[in-house]
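Quick notes on the structure that follows.
Nothing in this text is a laboratory measurement; each read-out follows from the coordinates by a stated rule. It should be emphasised that the depicted structure is a prediction, and the values quoted were computed from it without experimental measurement. Note that each Cβ is placed from the backbone with ideal geometry, even for glycine, and that neighbours are counted across all protein chains shown.
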Amino acid sequence: MKLSRNIIKMKCLACMLVLTSCSDTTDYNLSYSWSPVQISSELGQSNQVELTILPYRNKLDSMMNEVIGHAAHDLTTNGRYESRLGTFVTALLHKQSSLSYQQPVDVALMNHHGGLRAPINAGPITLGEVFEVMPFENEMLLLEVPGKKLTEIITFVGTSSSSMMWPVSFEITASGVKNIEVDGKAVDPNRTYLLAVSDYQANGGSGFEMLQTMERVDIVPVKLRDMIIAEVRELTANGDTVKTEVANLITVSMQ
């Protein structure tokens, strides 16, 4: 289910209120009483609550409405195996992971149809829009993956069609996933590859239980959302717009 911008803002607003209240070290003698309140469309808003949250709401709106870049065209997840948005995000995770962790990352894995919750529409890109695309607090991790296991992971991606990998190509045939390549080369079964992946999938999410036993590289994780923001800001600083086309790294041949 897609999270609305209002829900995302309320989550951020709640965090701001909690952090602000926790910063006050004054001691109080507190007591409380309660009674059930029926929630319905007839329940009006509280002016006292609105006045309390107004300064935080204004600050949050100012942050979320910041324009950080421009999209040359719509980027969506339309497409079973590949899409414009999936290609853009998976490729930038490959690039930004290498930059963030200061070591060459071989492959990036992204929960394509489940993790990207909103499109990037043509025109100005706001910070709030990126939060809609990635409303979760997922962090990117690095895993050391033996070549044989990487082939297994790529095969699962090909058969499940819910995730994307970069820079990975393969062919889907009636007899299975064939002609697997990483950056234009066949997977070396004797080599260990460095895989950038979200903590959700690394912990077995979306059927990736095979990742749970992989060796984790000791790094300070970076939020997936922050990598998207970094890429958009970098493009903007270079005078570029966000634009991408489906890479067509996956072919389907069912004969």
Original post:
Mind checking the dipole of the chain: about its Cα centre, +1 per Lys or Arg Cβ, -1 per Asp or Glu Cβ, Debye to the nearest 20?
Top reply: 360
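Taking 0.36 nm per residue of separation and subtracting the Cα-Cα distance, what length does fully extending Thr52 through Thr155 add?
Details: separation 103, 0.36 × 103 = 37.08 nm, distance 5.30 nm.
Value of the extension gain: 31.8 nm.
I need to check one value: relative contact order of the chain, counting alpha carbon pairs closer than 8 Å and at least 6 residues apart, in percent.
Values: 416 pairs, mean separation 65.7, N = 255.
Here the relative contact order equals 26 percent.
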Subject >> Integer Hz, Karplus 6.51/-1.76/1.60 couplings in order for segment 190-200, x for Gly and Pro >> reply: 9, 9, 9, 9, 9, 10, 8, 8, 6, 4, 4
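Given R₀ = 35 Å, what would the calculated FRET efficiency be for Ala174 paired with Gln212, taking r from the Cβ atoms and rounding to 0.05? Intermediate values should be presented prior to the final figure.
On the way: r = 31 Å, r/R0 = 0.88.
After rounding, the FRET efficiency stands at 0.70.
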**OP:** Read phi for every residue in segment 66-78 and hand back ³J(HN,Hα) as whole Hz from Karplus 6.51 cos²θ - 1.76 cosθ + 1.60, θ = phi - 60°, with x for Gly and Pro.
**Re:** 5, 7, 10, x, 9, 9, 6, 7, 5, 10, 10, 9, 4
Subject >> Qualifying aspartates and glutamates (Cα of each under 20 Å from Cα of Lys243; at least 8 residues distant if same chain) >> reply: Glu66, Asp74, Glu82, Glu129, Glu132, Asp226, Glu231, Glu234
Subject >> Pairwise FRET efficiency - Asp74 versus Ala237, Cβ, R0 = 35 Å, nearest 0.05 >> reply: 0.95
**OP:** Would you grab the residues whose amide H sits under 5 Å from the one on Val222? Only those 5+ places off in sequence or on another chain, please, with H modelled 1.01 Å from N.
**Re:** Met140
Subject >> Cross-link reach list, aspartates and glutamates versus Lys178, counting only Cα pairs under 13 Å and skipping chain neighbours closer than eight places >> reply: Glu152
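For n ≥ 4 DSSP H runs only, could you compute -39500 (n - 2.57) per run for the chain, divide by its residues and tell me the 222 nm figure to the nearest 500? Before the final figure, lay out each step's value.
On the way: 8 runs with 97 residues, N = 255.
Rounded to the nearest 500, the figure is -12000 deg cm²/dmol.
Can you give the charge dipole size of segment 130-255 about its Cα centre, rounded to the nearest 20 debye, using +1 on the beta carbon of Lys and Arg and -1 on the beta carbon of Asp and Glu?
Working: 10 positive and 18 negative charges, 59 e Å.
Dipole magnitude for segment 130-255 comes out near 280 debye.
For the chain, would you read off the P(r) tail past 28 Å as a percentage of all alpha carbon pairs? Don't skip to the end; give the middle numbers.
Working: 14097 of 32385 pairs.
Pairs farther apart than 28 Å: 44 percent.
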Original post:
Using Cα pairs under 8 angstrom and six or more residues apart, how large is the relative contact order of segment 59-158, in percent?
Top reply: 36
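Just order 187-194, 76-83, 37-44, 222-229 by mean Cβ neighbour count inside 10 Å, highest at the front, would you?
Details: 187-194: 14.5, 76-83: 17.4, 37-44: 6.5, 222-229: 20.5.
The most tightly packed comes first, giving 222-229, 76-83, 187-194, 37-44.
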Original post:
Which listed residue (Gly114, Ser175, Thr159) has the Cα farthest towards the positive end of the charge dipole for the chain, taking +1 on Lys and Arg C-beta and -1 on Asp and Glu C-beta about the Cα centre?
Top reply: Ser175
